[in-house]
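First the structure, in the form of structure tokens, and then the observations on it.
The values are calculated or read from the model by the stated rules, or taken from the named source; none is laboratory data. Everything numeric here is computed off the predicted structure, so don't read it as measured data. In this analysis, Cβ positions are derived from the backbone assuming ideal geometry, glycine residues included, and neighbour counts consider all displayed protein chains.
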């Protein structure tokens, strides 16, 4: 195997940023497969974030959508100035789910438009690295959205979302990871399908039901008048277990699903 | 291949069949409690009607599905014959 | 397989003809009375539905990793049967529950996970119908994820619902009921295998047609 081609992701050059494919004349350094994998993931995430940073289109539209979502739910669930019990937890997670679906759709629409997904599939990157890179990009985007939406929900629904901040952050992180893990796989595989805009929510929501249940009930446990910490921790551990199983499943099926 | 599939299918539902058995549960003290006071006849839906609707629905759906598969099969067979005739006569 | 079809159909038909007599002869359940008789078909359909879902899941996994067309046929047939039999389960259940529990629906673990599983396989069928080319492999991934999902839904709803009082009381089967129950189960499982093979035959003809079209275009 030609070493220049097999390690083309790691070619070290001072002048230009490391590119994915390199001519055979480039210098080669020997790196471990793990480092190569990690660097592929990092490069893909970096590319996504760079592209997004230039226009910030997905970020702004997703934030706006999440805020409108919360607002609309407020009309339904706030009676005489007081929110209905447990409304905050449910509304928060519904807003995350809806805006997450939107962000996923837009992110992969961008890939389809520029034909970059095809280029990435042809490039000599491990498929799992491609999946993880995209997943990380989506996670960072959703984290940015949640940083704004969570305080907003706390404000609008008078919910003490920060009283147990670490557990809350844990629930949000694990839940968003579970949602994004399934969502990234489905959005990637729908890129070339017809009716992809409506298909993504149709496929995503039934399968992420456990994530929503665990997220909402965990958050509700934290928001109860006497915060039920053991319950919240139980839900958090379920979310972590779900994440492990579904990220593994996604890594396993990404290759056969994405190949022609 | 089909026999294997059938055997596979039969083996597959051994597990779920076992799991679907109604569990032996004693009456739950904070659960279902039969009503003591006499119930107004208008408050309840007569049981025979529910049973009749249920069984009727099952038959309708099952027969409807068999009919649907048969119809689709017939139309695919017809299309197969037309296309194979076209191919047989040498291209479009 | 085709040789088995007619004998199995005859046996299944005979069983279905005899089943109502067995059901009527079975003892009445003490608290629910006549309405409980729905249970014989409802629970049997429940088993058939899970069998169909597993068949579709296995077919999908095999198709994703071996790309055999026969596996895809199993996946589609199983999914369609899950949807149809699931419809029966989800309609007859509430009809029984209205009398037994006083409400049409309950968010307990079994009902919720059945509903979610039914939705996932409906999504599978929608994807295959409207997803365009390549949707067979995408749908297979959906079926796999759907199958992996069911235990999680069951678990999460169980934990959620243990905080609420249970309102379902399913008594252990009296001896007089076990006979008709298992009779109906066998009848439905036979019917299921018949329908599965019928649907797979349809899929096989469709695949033949597709290949023929491709061959015709190639000329």
### From the options C:40, C:28, C:124, residue that is more than 9 Å from chain B (Cβ to nearest Cβ), more than 30 Å from residue A:186 (Cβ to Cβ) and crowded, with 21+ Cβ neighbours inside 10 Å
C:40
### Summary
Of (1) in contact (Cβ under 8 Å) with a residue 40 or more places away in the chain; (2) buried (at least 18 other Cβ atoms within 10 Å of the Cβ); (3) in a helix (DSSP H, G or I), residue A:211 satisfies every one except (1)
### Task
Output the number of residues of the range A:147-173 satisfying the condition of being outside any helix (DSSP H, G or I) and either touching a helix residue (DSSP H, G or I) at 6+ places or on another chain (Cβ under 6 Å) or in contact (Cβ under 8 Å) with a residue 12 or more places away in the chain (or both).
7
### Summary
The residue that is farthest from the chain's Cα centre (by Cα), considering only those in the range C:65-75 that are crowded, with 23+ Cβ neighbours inside 10 Å and at the interface with another protein chain (Cβ under 9 Å from one of its Cβ atoms), is C:73
### Query
Hey, does the range C:184-198 have a residue that's closer than 30 Å to residue B:88 by Cα, modelled with pLDDT of 90 or more and more than 14 Å from chain A (Cβ to nearest Cβ)?
yes
